[in-house]
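S.K.: My questions all concern the structure below.
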Amino acid sequence: MFDPWFWSVAVATIAIVALSKSGFLGSLGMMGVPLLSLLMPAREAAGMLLPLLCLMDVIGLLAFHREFDARNIRIMLVGGLIGTLVGWALWSVITDAEVLLIVGIITMLFVIDAVVPWRKRLAEGAPPSRPWGVFWGAVSGLTSFISHAGGPPAQVYLLPQKLPPNIYSGTTVVFFAAVNFSKLIPYYFLGQLSVANLELDLLLALPAILFMISGVWLVRRVSAALFYNVAYVLVFFVALKLIYDGYTGVFFPGHA
């Protein structure tokens, strides 16, 4: 059945994620799972998004296939794969309510980060060493596995290096493409790639492609400053709801 609320939120979510992966909206793409969690369980939302993320990654790889820092990729991927394995192990033992609470907390930290730029202070004086890159790659892989929210941890390592914009974008595209495709295996065994999710993905594939291409075009022409100011306020209230729902489900399951 056609549900206007469902499809409005779903298409808006895909738009935000695609524009983010194109570089237009920075790390705002991590709002994909939290937004879809308003419509479905967080685990199901993560599973539905993954094939679409992989589709967007293919477009990103075509756009940046020669523009990335190979050394950073080699360092971060070691950690990224470790984080993916840790996320797989944790996914087997945590409940839906705990996932919802984790997603809400991660989302709230993202909002706080927008107001208090802790990443810059944290990285001050820290050279782009291999252990530093492996550590933040692992954190990025873990948060990416749980809720496709690996952007901010990766930026802790990459931003202080002040790479050329195209090289920075290409490096993040290659890194997250590798992480996302590696997640297909555990997501399959965890039952996240259900037939129902894949049917939704087929319907949302065209909007995903169009918004991704639009983002590549917009990133060179339009400022996203005004959008950020409005979006962070909305994200704050979404995070509050997710934390409330997750907290209630974890500590008061009879009232969830």
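S.K.: So if I take the centroid of the Cα atoms in the stretch 58-100 and the same for the stretch 5-45, what is the distance between those two points in Å?
M.R.: 18 Å
S.K.: Then there's this: Report Rg (one decimal) and Dmax (nearest whole number) for the stretch 2-97, counting Cα atoms only, units Å.
M.R.: 15.5, 48
S.K.: Ranked by accessible surface with a 1.4 Å probe, highest first, in what order do Thr171, Thr248 come?
M.R.: These residues rank, largest area first, as Thr248, Thr171.
S.K.: Here's something else I'd like to know. Can you pull the accessible area of His148 for me, 1.4 Å probe, Å² to the nearest 10?
M.R.: 20 Å²
S.K.: Let me ask something else about it. Viscosity 1.567 mPa s, temperature 4 °C: Stokes-Einstein D of the chain from its Kirkwood Cα radius, in µm² per second?
M.R.: Estimated diffusion coefficient is 71 µm²/s.
S.K.: Note the full-extension length gain between Val195 and Phe251 as 0.36 nm times their separation in residues minus their Cα-Cα distance, in nm to one decimal.
M.R.: Taking Val195 through Phe251 to full extension adds about 17.0 nm, to one decimal.
S.K.: Specify the residue with the greatest mean-square fluctuation among Ser194, Ser20, Ser144, computed from a Gaussian network of the chain linking alpha-carbon atoms under 10 Å apart.
M.R.: Its mean-square fluctuation being the largest, the pick is Ser194.
S.K.: Then there is this: To the nearest 500 deg cm²/dmol, what mean residue ellipticity at 222 nm is calculated for the chain from DSSP H runs of n ≥ 4 alone, each contributing -39,500 (n - 2.57), summed and divided by the residues?
M.R.: Per the formula, -26000 deg cm²/dmol.
S.K.: Moving to a separate point now. Looking at Leu52, Gly83, Val235, which one has the Cα that reaches farthest to the positive end of the dipole of the chain (charges on Cβ: Lys, Arg +1; Asp, Glu -1)?
M.R.: The one lying farthest along the dipole's positive direction is Gly83.
S.K.: Moving on to the next point. Roughly speaking, to the nearest percent, how much of the chain's 1.4 Å accessible area is carbon and sulfur?
M.R.: About 73 percent, which is the carbon plus sulfur part of the accessible surface.
S.K.: If you place +1 on the Cβ of every Lys and Arg, -1 on the Cβ of every Asp and Glu, and leave all else neutral, what size is the dipole of the chain about its Cα centre, to the nearest 20 Debye?
M.R.: 880 debye
The values are calculated or read from the model by the stated rules, or taken from the named source; none is laboratory data. Small disclaimer: the values here were computed from a predicted structure and weren't measured. Neighbour counts run over all protein chains shown; Cβ positions are idealised from the backbone, glycine included. Just so you know, the surface numbers come from the protein's heavy atoms only, side chains and all, with ligands and any DNA or RNA stripped out. Shrake-Rupley method; radii C 1.70, N 1.55, O 1.52, S 1.80 Å.
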